[in-house]
Amino acid sequence: ALTDSELGFIGEVLFKEDRAPYLKARAITDVVWGGPAPRAADGERAAPAMEFVNLKSLYGAALTSGKPVIVNDPGRDPRRCGLPTGHPPLNAFLGIPFFLSEEMVGMVGIANRPGGYDEGVVEFLNPLCATIARLIGEIRSEAQRQAAERALHAAAARMHAMLDNAVDGVIAIDERGIVESFNPAAARIFGYAAGEVVGRNVNMLMPEPIRQQHDGYISNYLATGKAHIIGIGREIMGLRKDGSQFPLDLGISELKFGNKLLFTGFVRDITARKKA
């Protein structure tokens, strides 16, 4: 509408495995060769799943050169091929590739403007092309964010499945000693449900005098970096919910997430082994 053109499309530049570029239509004029364009649920025009792959074409010339292509007599231009079957005839064509941080991310193609096209039209459309480039960049960034989020959720699900099925108890605490996770094996070993432990100080699982000393161990480690047990497996006594004490093997690892520090304890009830 800005240029009084009859036809037009916006395409995103994508690449095949051999790095050859092609265009995927993201918006396209309602044209008669395929009937009205399909409509999205919100009533907006939805581009058909159309890809332009012929680089020996007018749009291909813009893709491969990275420069605007102006053709006001397409009938005499050998690059007029590559149009979908039944496409309305071209009387004039303008293809403008657009860039984001020097990367070609898409192209605007318009056709059949009365009087044809010139560099003035290209200059006139530059702000629009820059806006579309930014939009495509934002869409790509959001797609990458969602993919990363899905991968993170999948990894977390796998990790939770591993922890839930682990033979050893796994207990994660923060720098204050507050329990953040308590797997089923830990619940079986100590006799607590996870909900009874998560959010409370891990020293509830320790008999005296370790219970009173534990917070000091963490504070000393955070202040000096000297670990009494982190990275070293050792035998200590644990305290079950019913008040009974039992021997366990404990190993602790340290994990850092940004500015947050987590300590993960791996515990194993060795009562039977001690008896043997």
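The values are calculated or read from the model by the stated rules, or taken from the named source; none is laboratory data. In this text, all values refer to a predicted model and were calculated from it rather than measured experimentally. Using ideal geometry, Cβ is built from the backbone for each residue, glycine included, and neighbour counts are taken over all protein chains shown. SASA here: full protein model, heavy atoms, side chains in, ligands and nucleic acids out. Shrake-Rupley method; radii C 1.70, N 1.55, O 1.52, S 1.80 Å.
No other residue among I236, I210 is open to solvent by less than 40 Å² (accessible area, probe 1.4 Å), more than 28 Å from A156 (Cβ to Cβ) and out of contact with any Gly (no Cβ under 8 Å at 6 or more places or on another chain) apart from I236.
Taking the condition within 23 Å of A130 (Cα to Cα) and either open to solvent by 70 Å² or more (accessible area, probe 1.4 Å) or modelled with pLDDT under 90 (or both), does A49 pass? Answer is no for this residue.
If you check R113, R150 for being open to solvent by 60 Å² or more (accessible area, probe 1.4 Å), over 30 Å from H214 (Cα atoms), part of a loop (DSSP other than H, G, I, E, B) and basic (K, R), only one passes: R113. With respect to being over 35 Å from the mean Cα position of the chain (by Cα), among the acidic types (D, E) and within 26 Å of A272 (Cβ to Cβ), E235 fits the description. Say whether the condition of being open to solvent by 80 Å² or more (accessible area, probe 1.4 Å) and among the acidic types (D, E) is met by at least one residue in the range 165-178. Among the residues of the range 165-178, not one is open to solvent by 80 Å² or more (accessible area, probe 1.4 Å) and among the acidic types (D, E), which makes the answer no.
Checking each residue in the range 19-46 for being among the hydroxyl-bearing types (S, T, Y) and at pLDDT 85 or above picks out only Y22.
To keep it simple, each residue is scored yes or no on (1) aromatic (F, W, Y); (2) farther than 25 Å from T271 by Cβ.
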residue: A187; (1), (2): no, no
residue: F190; (1), (2): yes, no
residue: A193; (1), (2): no, no
residue: N201; (1), (2): no, no
residue: M206; (1), (2): no, no
residue: Q213; (1), (2): no, no
residue: N220; (1), (2): no, yes
residue: A223; (1), (2): no, yes
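Among the residues of the range 62-69, some residue qualifies, meaning at least one is under 37 Å from the mean Cα position of the chain (by Cα), among the polar types (S, T, N, Q) and either at pLDDT 90 or above or not in a strand (DSSP E or B) (or both). Of all residue pairs spaced 6 or more apart or on separate chains, those with beta-carbon atoms under 8 Å, a first member in the range 1-28 that is closer than 17 Å to A130 by Cα and a second member that is open to solvent by less than 80 Å² (accessible area, probe 1.4 Å) and among the acidic types (D, E) are R26/E12.
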